[in-house]
1. Based on the mean of other Cβ atoms within 10 Å per residue, sort peptides 215-225, 382-392 so the most packed one is first.
2. Place a point 7 Å from Cα of LEU201 in the direction of its Cβ. Which residues in the stretch 281-308 have their backbone N less than 13 Å from it?
3. Please report the net charge: other residues with Cβ closer than 9 Å to the Cβ of ARG377, K and R +1, D and E -1.
4. For an R0 of 45 angstrom, estimate the FRET efficiency from the Cβ-Cβ distance between ASP118 and SER408 and round to the nearest 0.05.
5. Using a basic spin-label model with each label point 7 Å from the Cα along Cα→Cβ, how many nm lie between LEU466 and ARG254?
6. Could you work out how much longer the chain between HIS108 and ILE194 gets when fully extended? Use 0.36 nm per residue separation minus the Cα distance between them, nm to one decimal.
7. Sort GLU467, GLU375 so that the residue with the fewest other Cβ atoms within 10 Å of its own Cβ comes first and the one with the most comes last.
8. If you stretched the chain out fully between PHE308 and GLN285, how much longer would it get, using 0.36 nm times the residue separation minus the C-alpha to C-alpha distance?
Amino acid sequence: MQKGQVDEKGKLPHYMVAVMKKPEDRHIAAPAEQKPSFLWYNGLQKEAGGVRIQRAIPDNPEPLQTGSRQRRTAAFRLQTVSQKKGENTMDAIYQLWGLTEKNTDWEHLLLQLNRLQDRHPARAVVCGLSAPGEVYTRILDRARKDGTAVYLWLPAFSELDDLSSFDPLIDWQGKDFLAEGNVREFHFRCPSSIHNREVFLEDSLLRLQAGEFDGVFLDRIRFPSFQFGLSGVLGCFCPHCLKQYEKIGADPERLRKACARLQERIGKNEENPLGLQAFDGHRWQLEDPDLQALFDARCAILEESLAFLCSEYRKRGYKIGLDLFSPALSWFAGQDFLHLMALADFVKPMMYLHTDAPAGLPYELDAVEQSTGRESRKRLMHLCGGETVDEFAAAEIRRMMAMARGASSEVSVFCGMEYNRVRNLAPVGPEKIARSLQVFRAAGAAGVMPAWSLISAPEENVEALLEEMDRC
Ligand SMILES: [Zn+2]
């Protein structure tokens, strides 16, 4: 693909630009030596055998002071108790993502970007995949003037052009996740498959040639959530995942039986079918040790895959941004927030308070209820420290900020918030933008990334955002 051309493959319907303040350059250095990850299994800590983490490129000159999981967790707890004072000034950040339909108005996008940059220069701009080369060039020109980094948005385990060549996700009943009618707007492919990783990596490196990008922003880096019911969360049982389970000493048959037990408990309307006991900030404690092992293993698998990808990008000099759920939900989608955060320069937890669509908090919490019962949702929220969506979000933000402060490498947390309006699904106007920012600020968030489309964000919402940010 030559610079200046529209990528032939770039027919993905998304365009995203994210803008963040503070033009600081932050890197995660490499570990002095690679350390194995640890997995909690049946309540005992075991070394996760072949599941090793490469946190960054081995030849990076700066050593990473990566502590063990326990040390990091301890640091996190410490920070939770004594939050630093005077850190409640939220930096202004925006995430902007639109549709590349035939009549996408690129000039309008560039005008909007300039308007944002004029008022709140960003730390980074995240571009979607399908812009003409000239648009990337103009974004880069403007960004360079402001000291703003430019990232390329990349969907890792879904939404790639040729999904048919990817290894599928298989649920606990042996069903192909996509074959079960779960295609719709969110496709998922198994993150443990080396083939999937490599195809994605190769594809993304080609796409990165479209401009002089400073970093990659990785999205769709998870297993399906409760959005798809139990079929989404109770997997994967593909040959690659089975091998991974064996490596870490988890018996796939026991894991399958645990899935069947969960389904049975749900069928009997048990009050706490998931067996939620406690949440330690990034990992749930479940009553059923085999179910625990499955969710832990999903996190270990995803972490390994992402560590591989991040290490490949770092080798080539790219910074890393990660799109995640917030910790209490992310763990069920295979994202151990604390661990994944260590791979990134910044993370964007999706804190959509008003969106009744995938990744929106009301939607995802409803999905927990629909998959596992009303009491599950109540219990999950209660154990996380929030009875309402706003309280839940605030508790999650406090947790994430504490984790970032306790992290051994610098990483920023920017709350994804919506500022697009879709009737019934995301009824967002200036008032809701103000409310989101109020919740985030009160919880001590460092910043926000308004999502998901700069191109299609209503004018009044863009203005409301800028005005709210003036107050930060
Ligand atoms: Zn799999």
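Read the figures in this text as sums done on the coordinates, not as results from a lab. All of these numbers come straight from a predicted model, not from anything done at the bench. Note: ideal-geometry Cβ built from the backbone for every residue, glycine included; neighbour counts use all protein chains shown.
1. The densest-packed peptide leads the list: 215-225, 382-392.
2. The answer is 304-308, whose backbone nitrogens lie closer than 13 Å to the label point.
3. Values: positive: ARG374, LYS378, ARG379; negative: ASP366, GLU369, GLU375.
Summing Lys/Arg as +1 and Asp/Glu as -1 gives 0.
4. Values: r = 36 Å, r/R0 = 0.81.
It comes to 0.80.
5. Roughly 5.9 nm, to one decimal.
6. Using 0.36 nm per residue and subtracting the Cα-Cα distance, I get 26.9 nm.
7. The fewest-first ordering by Cβ neighbours comes to GLU467, GLU375.
8. Additional length available on full extension: 5.5 nm.
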